[in-house]
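> Mind looking over this structure? Questions follow.
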Amino acid sequence: MKEQLDILNTLASLIYEQAPGSCDEIVYKAKTDPDEGWVESSFFYHKDGERHSVFLTDACESEASELVSKLNEVMFAYTGGRWRSFVLKFDSNLKVSTDFNY
């Protein structure tokens with residue numbers, strides 16, 4: 001469980017750094033297929049009532065993809081369930097939430 005939290009914290013920090021300060025919401029979505037070895041993601045934030053879709057830098061995208069794959073493997077080893085996508089959100093108070101879709 002600690003390893004999962006460490007990965008999520010690292011990923012959250014990485015994604016947070018890509019957003020401008022004082023956003024209403026920051027959202028990172030990832031889809032993965034471990035059998036085929038791919039990760040797709042999207043990143044956007046809401047500020048002043050407007051949605052802004054942003055491309056992550058290549059370095060950030062690469063590191064985030066590695067963390068998503070590692071998180072999927074660690075969680076699979078721990079629970080036996082394999083999720084296909086998840087959403088990582090920050091609210092305006094920087095409270096982080098996740099939603100995993102199996």
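> Could you list all residues from the range 1-45 that are without any contact (Cβ under 8 Å) to a residue 60 or more places away in the chain and in a helix (DSSP H, G or I)?
Matches in the range 1-45: 2, 5, 6, 9, 10, 13, 14.
> Please specify each residue of the range 46-65 satisfying the condition of being exposed (fewer than 14 other Cβ atoms within 10 Å of the Cβ) and not in a strand (DSSP E or B).
Those that are exposed (fewer than 14 other Cβ atoms within 10 Å of the Cβ) and not in a strand (DSSP E or B): 48, 49, 54, 55, 57, 58, 59, 62.
> For the range 1-45, give me each residue that is surrounded by fewer than 15 Cβ atoms within 10 Å (Cβ to Cβ) and of a type in the set (D, E, K, R).
2, 3, 6, 17, 24, 25, 33, 35, 36, 40
Every number here is computed from the coordinates shown, using simple stated rules; none is lab data. What you see is a predicted model; the values in this text were computed from it and never measured. Here Cβ is always computed from backbone atoms with ideal geometry, including for glycine, and neighbour counts include all displayed protein chains.
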